[in-house]
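Q: Quick one: this structure, given as structure tokens, is what I'll be asking you about.
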Amino acid sequence: MYLKAKSIPRRALAALLCGLLMASCGGFGSTDTTRPGSTPNMNAQTSFRIVGQIGTPFSATISDARSSWTIQGVVPLSIVIVNNQPPVRVSVNKLVSNNALISLEIINAFTVKQLASSTDNFGVTVGNFGKVANFAPAAFPDVRFFVNSPNEELFDALVEDTQHGEIVEARVPAVLLFDSPAGGNGARVDATFTAVQFLGRFAIDLLYNGVLVDSTSGTTTAIIKYP
Amino acid sequence: MKDLSSRWAAAILLVPALLILLLAFMGDSDRASAAKAPANKGIVAVAFVGSIGDAAATFQRITLNVVSIRLNPKPDTSISDFDPGWVTISVPAGVGKSFGIGEVNTGSNFGGSFSNSNNNVVLGEGRSEIQIDLGAIQNVAQIFNAQAIAAKTYQQVELVLDTVTPGDIVPLCAGAIAGEGCIDYKAKFPQVTPTPAIPLTIRAVIPGGGIVLSKSQHVVTPLVIQIDPGIGAPPTVSNQTIQINPSISVIPNSTSTPISGMTVFLNPSLGTIVGTITTTANSGFASGRPQSITALNAGTNTIVETQTLPNSCYGKKTCDFIMQLPAAPAITDSSAPGYPGGTNYDLVASAKAASYAVRSNVNVVANTLTDLRTDPVSGLATPFAVVSKSTISFSGKVFDICNAAGVPAATLNLLVPDTRFASTPDCSANPPTGCVVAATASSNEVGNFPLPGNGNQKAPFDLVPVPDVSTPYELVITAGGFDRTPVQVTNNSGALKCANSIKKGTCQINLNHGIMTGTVSLGGGGTGPLSVLIAAEDSATNNIENLQLVNIPAGVTSVPYTINVPDTDDVLYGGAKLSNLDFFSSTQDLFNGAPQAATGHSIAVFANANAPTPVPSGAPSPVCTLTAGPDLNPMTCVGHGSVTGTVTNPATTDTVVLSKTSNQGGLDVQLASVPVVPNGSAGAGTYSICAPADSYVVTHYQVPPQPTPDTATPTPTPTPIVVPTPQAVASFSVTLNPPLIVPTPAPSPGFTPTPCPNICNVPGSSGACVICQGTSASF
């Protein structure tokens, strides 16, 4: 036991060292070996949290400048747009006639930018990040990663198409919406999920144009792809 | 994309994951648990009460964005923000346990940072915060959170709001040139001088020497905080913020005679219940299968609080519990509306390896102890008697009968009859009077239920006790646009079996519905782009069955819609079958590029459309056909309007309903329902509604006097008492004042007028400011 305990800091140091090495070699996008120093910034992660009375059903329509999605789910749910193109607009309506609280949070990076809530029958909450117009056309292809388990798990995900990859972070249960993969040409998408807290096994579904095309599970990491 | 990129990514992602995990271990993750309260800690449950006074006649909505509550043993309210004595109680950050093994829990979730300390914020989550609607909690408290903290005496409390956006406020329309009404304004703290600014703090001394948290009490200590937003003047222009200067005070507890060594707290905003739980387990209650008691709003699956038995109960077969719940005050006049006052709850006891024990429709009154241990008439003991039973998991899938696809976001309530009654209540009825929702679950994106738990928390339906053969459960499935579908769940040789299901232990459920189609159209020459919400509700009620969002593209005036609705087999509240539906549609407008909840277009209504007939039994696939629904028009830009006034003789749960008269025989279609400021509060009887400037009918609804439920009758009572429903008591027609059109100054050399944002293009307002005007109308 003593040896095991003593070894933990060494392992942590080794992990940190690996991280530093990878970062210095261009990991995490810290450099671009083809154009050093010219890696463009990307938009900060925009997330939506739909919270309140647990289990309250809702329908949410979410739009960025290119695409929109309609999602039916229950509280709580985190939603992240991968390859997001702001501004974003959201409309969430309860799907139940009761006084349960539903709150919509729009988060940009680390900050809650907007909070709106309702306790009305089939109450509607709306939000935006940036000045918006009408909802964009429905996403096509419509790519959604549903991370259903383990509940409360914080995870990182690298979501990729054939042209670019993006790392996002969210808490289960969550839906990752992939906007315009491969420039809107569809093609192959994949994602690698890594657990942070290790609360249980991942259970992840990939829906492509409304069809469940793959499901996967895993303890600390899970990989899912289509086709 | 390169081959093997995913594996490399997994390796790369492991490092930040480990770093974040390290941070997580540094946080305080000590959640409240009565059963496992850590040594030297006591549990405090924080509740809020709103105090907005006469502001209800000026503002339609006042909300505060609450991040946390802090307690400090020192009474000096000028101490530093960084004083080491501060203890933080954050919003419910984790995913609560629906049932089964429970801690002190509110049934709410507001997302989460890494820990309850709310200091470690991760990407994509922000700081957890809850939006409190102060108008909705004026005399019935809202539980904020409960947490185990160091067992000290705390003498002051601090309210921590979001410093960037401390709240959101919707003013009513003014009676003159002012900022636009019925849109969302951000709240802002006052500018504090001198420079550098002194941080604004919202603190109060806890009266009576503070709250004393003793680890030996084995009871949750309530802390009720009254919040006055200190709201400033309404906006004079539409791009302002609205100043707030909140203050708080603590509504002190009193105590009654201790019960089983536990302190009995009483509070003017909370009702206190005491009950007994008995078990047949040989070893009594045990830490390995903590016994929880959950309170739900009567007749619903809305959890208000879940609490576990204290660890002093371990090893015992009989143990008392005490619970404080938000409750309205008593009404003493038996002929007065709302009598007997209070707030009704359903209670359910649940644990691993034990049966459910339930009590329906318990009336809980503020500042009063409700004793559930014995029948007040017969004197017989009435414990929550749980029996040792195997608990097993229960799962399945919900299907749309029209296309065999899974139904997402369906709600599945497992109803258990309250067996105190002479005859076993029928839990398949609507309403299921005398039955309690003992467990609830939801379906995922492909219709599978329940949603998963994790290694520490069981999923809903993972610990379902096998029912007695003589008392099956009823699983009631609901989803927006589908028939309410009850399915009996029975004991089949130790497994759970659903009626008409093909497998043991799983439940395959088909939900019926119809599909209606029609068009929505803009009027007054308006064209898209616009989004339109279409609602279908049971005729002459405010019970919405489904809502659908459609988009009208640019340059277009009309688009078709389709919406799922229940069919004529659907059993409504009260037992009648659905025959007709009312429809209404409203646009979702933008103000200066931001969507608003209140529309500026008139609302199109259609009353009494025939509901679709059920799918013929055994019909070939596809079995569902489209039913012609109403064409909803016109929705014309008329601008915002608002109406405010007072009702006569308000009780505590009154509402005012806004309706619009249709062209179908002059029938009214209900559009919205708003609460009335309750009796006993400043501004009692005030209501306020935002709506487009149009003609409406306004109706006052009130709960008629009721027989006292639960405790005033001997056991067993002859029949369970129905949860009361409001009745219309007064009504009148009102036409809301149209908006004021204020021309903008003409441009001149060196002066270019700023364009005025408007909710929509009111005819004749081109280039002008459109300012909505309020209307006063009292009953």
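Just so it is clear, none of the values below were taken in a lab; they were calculated from the coordinates. Just so we're clear, the structure is a prediction, and the values are computed from it rather than from any experiment. Positions of Cβ are generated from backbone atoms using ideal geometry, with glycine treated the same way; all protein chains shown enter the neighbour counts.
Q: List, in order, the whole-Hz ³J(HN,Hα) value for each residue of region B:465-477 obtained from phi through the Karplus relation with A = 6.51, B = -1.76, C = 1.60 and θ = phi - 60°; use x for Gly and Pro.
A: With coefficients 6.51, -1.76 and 1.60, one gets x, 5, x, 5, 4, 7, 10, x, 8, 10, 9, 9, 10 Hz.
Q: Work out how much length B:S378 to B:S558 would gain on full extension: take 0.36 nm times their residue separation and subtract the Cα-Cα distance, in nm to one decimal.
A: The B:S378-B:S558 span can extend by a further 58.1 nm.
Q: In addition: Taking H placed 1.01 Å from N in the peptide plane, check which residues at least 5 places from B:T636 or on another chain put their amide H under 5 Å from its amide H.
A: B:G523, B:S602
Q: At 222 nm, what helix-only mean residue ellipticity would chain B give, in deg cm²/dmol to the nearest 500, using -39500 (n - 2.57) for each DSSP H run of four or more?
A: Dividing the helical sum by the residues of chain B leaves -1000 deg cm²/dmol.
Q: A further question follows. Can you tell me the order of B:348-355, B:225-232 when each peptide is scored by its average per-residue count of other Cβ atoms within 10 angstrom, highest first?
A: B:348-355, B:225-232
Q: Same structure again: Post the alpha-carbon centroid distance, region B:132-183 to region B:376-447, in whole angstrom.
A: 35 Å
Q: Where the centroid of each part is defined by its Cα atoms, how far is region B:505-561 from region B:626-663 in Å?
A: 17 Å
Q: Have a look at B:V643, B:N492, B:V304 and report the one farthest towards the positive end of the charge dipole of chain B, computed about the Cα centre with Cβ charges (Lys/Arg +1, Asp/Glu -1).
A: Positive-end residue among those listed: B:N492.
Q: What aspartates and glutamates could a cross-link reach from B:K397, if we take a straight Cα to Cα line under 17 Å and drop same-chain neighbours fewer than 8 places away?
A: A:D205, B:E445, B:D462, B:E474, B:D483
Q: Based only on other Cβ atoms within 10 Å, what is the fewest-to-most ordering of A:K131, B:K41, B:K316?
A: The most exposed by this proxy come first: A:K131, B:K316, B:K41.
Q: Sequence-distant or interchain residues sharing an amide H contact under 5 Å with B:T627, placed H: which?
A: Distant-sequence amide H within range of B:T627: B:I515, B:M516, B:T517.
Q: Tell me which residues come under 5 Å, amide H to amide H, from A:S149 once H is placed; ignore anything under 5 positions away on its chain.
A: A:A203
Q: Treating the beta-carbon of each Lys and Arg as +1 and of each Asp and Glu as -1, no other charges, what is the dipole magnitude of chain B about its Cα centre, to the nearest 20 debye?
A: With only Lys, Arg, Asp and Glu charged at Cβ, the dipole is about 2000 debye.
Q: What is the order of B:V615, B:V556, fewest Cβ neighbours within 10 Å to most?
A: Lowest count first: B:V556, B:V615.
Q: Residues of A:197-204, mean number of Cβ from any other protein chain within 10 Å of their own Cβ, rounded to a whole number?
A: Counting Cβ atoms of other protein chains within 10 Å of each residue's Cβ and averaging gives 4.
Q: Just want the ordering: A:I54, B:I79, from fewest to most Cβ atoms lying within 10 Å of their own Cβ.
A: With the fewest neighbours first, A:I54, B:I79 line up as B:I79, A:I54.
Q: May I ask for the distance between the Cα centers of region A:175-222 and region A:102-144, given as a whole number of Å?
A: For region A:175-222 versus region A:102-144, the Cα centre distance is 22 Å.
Q: Ok, one more. With θ taken as phi - 60° and the coefficients 6.51, -1.76 and 1.60, list the Karplus ³J(HN,Hα) couplings across region B:395-410 in order, rounded to whole Hz; mark glycine and proline as x.
A: 8, x, 8, 9, 10, 7, 5, 6, 9, 6, 7, x, 9, x, 6, 6
Q: I need the P(r) histogram for region B:388-443: all alpha carbon pairs, bin width 5 Å from 0 out to the longest distance, whole percents.
A: Histogramming region B:388-443 at 5 Å steps yields 4, 16, 18, 18, 19, 14, 7, 3, 1 percent.
Q: Within 10 Å of each Cβ of A:166-174, how many other protein chain Cβ atoms are there on average?
A: 4
Q: One quarter of the convex hull surface, Cα atoms only: what value does that give for region B:591-666 in nm²?
A: 10.6 nm²
Q: A follow-up question, please. Can you list the HN-Hα couplings for region A:148-159, worked out from phi with the Karplus curve (6.51, -1.76, 1.60; θ = phi - 60°), rounded to whole Hz and with x for Gly and Pro?
A: With the stated coefficients, region A:148-159 comes to 9, 8, x, 3, 6, 4, 8, 9, 10, 9, 9, 10 Hz.
Q: Under the definition of partner shielding as Cβ atoms of other protein chains within 10 Å of a residue Cβ, what is the mean value for peptide A:87-98?
A: For peptide A:87-98, the averaged partner shielding equals 5.
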